[in-house]
Amino acid sequence: MATRALVNLPRDITRGQVVEVRATVAHAMETGHRRASGGELLARDIVRRMEARLNGELVFAADMHAALSANPYVAFHLRASNSGTLVLSWRGDNGFAHSETVVFEVA
Amino acid sequence: MNQRRHVLQSAVGLAGLALLPAAQATPESMRAAVQALTRGAPLQSGRVKIDIATLVDNGNTVPVQVDVASPMTPADHVRRIALFNEANPQPEVAVFELGPHNGLARVATRMRLATSQRVLALAQMNDGSWWQAQADVIVTLAACIEG
């Protein structure tokens, strides 16, 4: 099943501006503490790390735990200096991996 | 009468036991998790602001924002922001890594709250110092972390 993710940036970015980046990825974030109707423990299946790279350079990262809500949402800021590509990637349990690439265009 | 009351009390006690979650963070286990991150460094109050509703209807997705007073320059910036809780099954929530390219020391996310409890936000500056803020949250509908 294709994973869906959303990355949101302001439309117009000027040099020196501090912009907000909002990102969410579709994922159930199964905690590993819930039980199925039959009583058996549901195995943990969470997104464990998110990374943001601007032109290859790590600019933000998050280590995630089961206490984050499903479809984990993170908002952070970036100081706009140069245009480039912003790549957000997520990794998690059971080999979960997804990345989104957005154009980071500084006017 | 006395015996009946005794039976009633044990029934209540048993029900209470059955409701106890299999694993739960406690203020002590939260402190241990914090120590594991900070390596025992002293926590200073101030510079960190945690923004979370004090009364939450739905513990499944609670918006939380952490702001740290910092110029975010190469010489003076926030290196990490961490969130902890004291009554979910595990004390850790998230650890965010920041640097001068962020421009603003602010992160926002959405977390689960299994019950009414205290949420702790920490920030580590590039000089290694740790700062903290906390918030007490009352939850009316808990996150179904325990099923």
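The values are calculated or read from the model by the stated rules, or taken from the named source; none is laboratory data. Note that the structure is predicted; figures quoted are calculated from it, not measured. Positions of Cβ are backbone-derived with ideal geometry, glycine not excepted, and every protein chain shown enters the neighbour counts.
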Region A:62-94, residues that are within 11 Å of chain B (Cβ to nearest Cβ), in contact (Cβ under 8 Å) with a residue 24 or more places away in the chain and of a type outside the set (A, V, I, L, M, F, W, C): A:Ser69, A:Asn71, A:Pro72, A:Tyr73, A:His77, A:Arg79, A:Ser81, A:Asn82
Where A:Val59 falls short, out of the listed (1) within 8 Å of another protein chain (Cβ to nearest Cβ); (2) out of contact with any helix residue (DSSP H, G or I) (no Cβ under 7 Å at 6 or more places or on another chain): (2)
Qualifying position, being of a type outside the set (Val, Ile, Thr), within 20 Å of B:Val139 (Cα to Cα) and in a loop (DSSP other than H, G, I, E, B), among B:Ala87, B:Ala75: B:Ala87
Among the residues listed as B:Pro100, B:Pro89, B:Pro74, B:Pro63, the single one being of a type outside the set (A, V, I, L, M) and at pLDDT below 95: B:Pro89
Any strands (runs of 3 or more DSSP E) falling wholly within region B:99-143 and containing at least 1 residues that are touching a residue at least 60 places away in the same chain (Cβ under 8 Å) and within 13 Å of the chain's Cα centre (by Cα): B:117-125, B:130-141
Residue within region B:45-67 that is at the interface with chain A (Cβ under 10 Å from one of its Cβ atoms), more than 26 Å from B:Arg112 (Cβ to Cβ) and part of a loop (DSSP other than H, G, I, E, B) present: no
Enumeration of residues in region B:95-119 that are polar (S, T, N, Q) and more than 7 Å from every other protein chain (Cβ to nearest Cβ): B:Thr115, B:Ser116, B:Gln117
